[in-house]
Amino acid sequence: MSKLLIIGAGGVGQVVTHKCSQKPEIFSEICLASRTKSKCDKIASQLKRPIRTERVDADNVPELVALIKDFKPELVVNVALPYQDLTIMDACLETGVNYLDTANYEPKDVAKFEYKWQWAYQEKFKKAGLMALLGCGFDPGATNIFTSYMKKHYFSKMKYVDIVDCNAGNHGKHFATNFNPEINIREITQNGRFFENGEWKEIEAMSIHKPIFYPEVGDKESYLLYHEELESLVKNYPEIERIRFWMTFSENYINHLKVLEHVGMTRIDEVEHKGMKIVPLEFLKSLLPEPASLGENYTGKTCIGVQIEGEDKEGKPTKKFIYNVCDHAESYKETFAQAVSYTTGVPAMIGAMLMMKGIWKGEGVFNVEEMDPDPFMERMNLDGLPWKETTF
Ligand code: NDP
């Protein structure tokens, strides 16, 4: 028996549930729980085998504990929002269950992407003999593992690391975000940051950009952003001299975002409206299409990878680029979800599978690059996210 509890029935939750349900030999029973049960039921209705669905408020530890005690999973996969990371970790500790997520905790009132809150659970998980695996999506997730794989097999020293993320897809909407709008806009509107020569350098949001070549896609204007995997990679690979994260945005996306920012719609503080308090970004989220609804008719591809320059095992200069290309329409055919949800959900399923099988194990809180990359890389090729390596 290997029971899995998935929390969050959005775009990513949809993919994780689809992919896990395809592997009854590993995930013998699945429960999908989220704030809105009808969304869980909709996903369940698309599957070839029955799963349990539940409503749960993941901000509420006693509710989570009651659900976990009743279902008795071996592992909880958290694909709700980053705001729920700590409450779900608390519930896992209280019930003695392992934990996996795809995004680091963020407090609601400040757009801060830091592992410090979750790393602080290290001793608690260790003492309880439990494992918490952080950031097992694509970026963070596969990108951390591409880095550890290149370190293991090719590099004696990684000097310059660039994580490059391109979505060259078209969903046909004037403006939409490919994952949760609130989290996405908070990420993009904060200052950019990168690490160089032992220190973090901060830049104005979206102020550094350049074209980058993405295989199967072409040259795309890419913007330097701060992304959470930079923090764990710098910690786990102190040899890195410079690490940056780049993401593509269309001109149309940036123009919309600028207007929204200028009129105050991306603010995350409360404002007074007709005697009520509202948070503009939360209101904007309710107007925008849900990521899970973007799959139909989405065309084009994503290309996400890691480019590393450094010294090979013999100390000679070398460059390697590992990447995956994922097609929106193909993702939709398999899981009714677009490629951004797909590229996040598949790594979460693979991480869950490796934990369930005891291939990835440990006591404490881990980032994915601390695990052996080989079994994960092998599964990516088998489970829908084949990767390639080249130079750049
Ligand atoms: P969605 O907004 O589509 O889905 C989020 C889901 O979480 C919704 O079903 C929502 O419920 C549910 N939820 C929110 N709050 C609660 C709560 N208090 N209790 C229970 N359920 C709740 O987002 P995505 O699926 O796009 O993203 C999911 C996660 O994946 C996010 O944390 C995101 O940051 C992360 N992500 C990671 C990536 C990576 O590569 N590492 C890339 C993309 C996303 P409701 O429907 O009722 O609102």
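Some values worked out for this structure:
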quantity: Charge dipole magnitude, Cβ of K and R +1, D and E -1 - the chain, Cα centre, debye nearest 20; calculated: 680
quantity: Cβ-Cβ FRET estimate between LYS173 and SER45, R0 fixed at 35 Å, reported to 0.05; calculated: 0.90
quantity: Fewest-first ranking of VAL61, VAL306, using other Cβ atoms within 10 Å as the exposure measure; calculated: VAL61, VAL306
quantity: GNM result for the chain, Cα springs below 10 Å: residue of LYS159, LYS201, LYS274 fluctuating most strongly; calculated: LYS274
quantity: Farthest toward positive dipole pole in the chain [+1 Lys/Arg, -1 Asp/Glu at C-beta], among CYS40, VAL161, LEU287; calculated: CYS40
quantity: Packing-based ranking, highest mean first, of 228-236, 65-73 given that Cβ atoms within 10 Å are counted; calculated: 228-236, 65-73
quantity: Mean ellipticity per residue at 222 nm, deg cm²/dmol - from DSSP H runs of n ≥ 4 across the chain, formula -39500 (n - 2.57); calculated: -10500 deg cm²/dmol
quantity: Neighbour-count order for THR102, THR36, THR17, THR248, fewest beta carbons within 10 angstrom listed first; calculated: THR36, THR248, THR102, THR17
quantity: Restraint check, LYS201/LYS388; LYS112/LYS201; LYS3/LYS124; LYS116/LYS277; LYS116/LYS357; LYS210/LYS388, Cα-Cα greater than 27 Å; calculated: LYS201/LYS388; LYS116/LYS277; LYS116/LYS357
quantity: Farthest toward positive dipole pole in segment 100-256 [+1 Lys/Arg, -1 Asp/Glu at C-beta], among ASN178, ILE208, TYR121; calculated: TYR121
quantity: Full-stretch length increase - LYS333, PHE213 - with 0.36 nm per residue and alpha-carbon distance subtracted; calculated: 40.4 nm
quantity: Contour minus Cα-Cα distance for GLU25 and GLU270 (0.36 nm per residue); calculated: 83.4 nm
quantity: Calculated FRET efficiency for the pair ASN60/ALA120, C-beta based, R₀ 22 Å, to 0.05; calculated: 0.55
quantity: Hz values of 3J(HN,Hα) by residue in segment 117-133 - Karplus curve (6.51, -1.76, 1.60), Gly and Pro given as x; calculated: 5, 7, 4, 5, 8, 3, 5, 4, 5, 4, 4, 7, x, 10, 10, 10, 10
quantity: Distance from segment 152-205 to segment 289-347 (C-alpha centre basis), Å; calculated: 13
quantity: Gyration tensor (Cα) of segment 276-392, equivalent ellipsoid semi-axes in angstrom; calculated: 31, 20, 18
quantity: Contour excess over end-to-end distance, with Cα ends at LYS157 and LYS69 and 0.36 nm allotted per residue; calculated: 27.0 nm
quantity: Kirkwood Rh and Cα Rg combined as Rg over Rh, evaluated for the chain; calculated: 0.94
quantity: Virtual paramagnetic centre 7 Å along Cα→Cβ of GLU241, amide N under 15 Å, in segment 175-209; calculated: 195-199
quantity: Charged-residue dipole, Cβ positions (Lys, Arg, Asp, Glu), segment 213-331 about Cα centre, Debye nearest 20; calculated: 160
quantity: Label-point separation, LEU382 to ASN255 (7 Å along Cα→Cβ), nm; calculated: 4.8
quantity: In nm, spacing of pseudo-spin labels at VAL234 and GLU282 (7 Å Cα→C-beta vector); calculated: 3.1
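Read-outs: derived from the displayed coordinates by stated rules, not from any lab. Remember, predicted model here, so these are calculated numbers, not experimental data. Don't worry about glycine lacking a Cβ; one is built from the backbone with ideal geometry, like all the others, and counts go over all protein chains shown.
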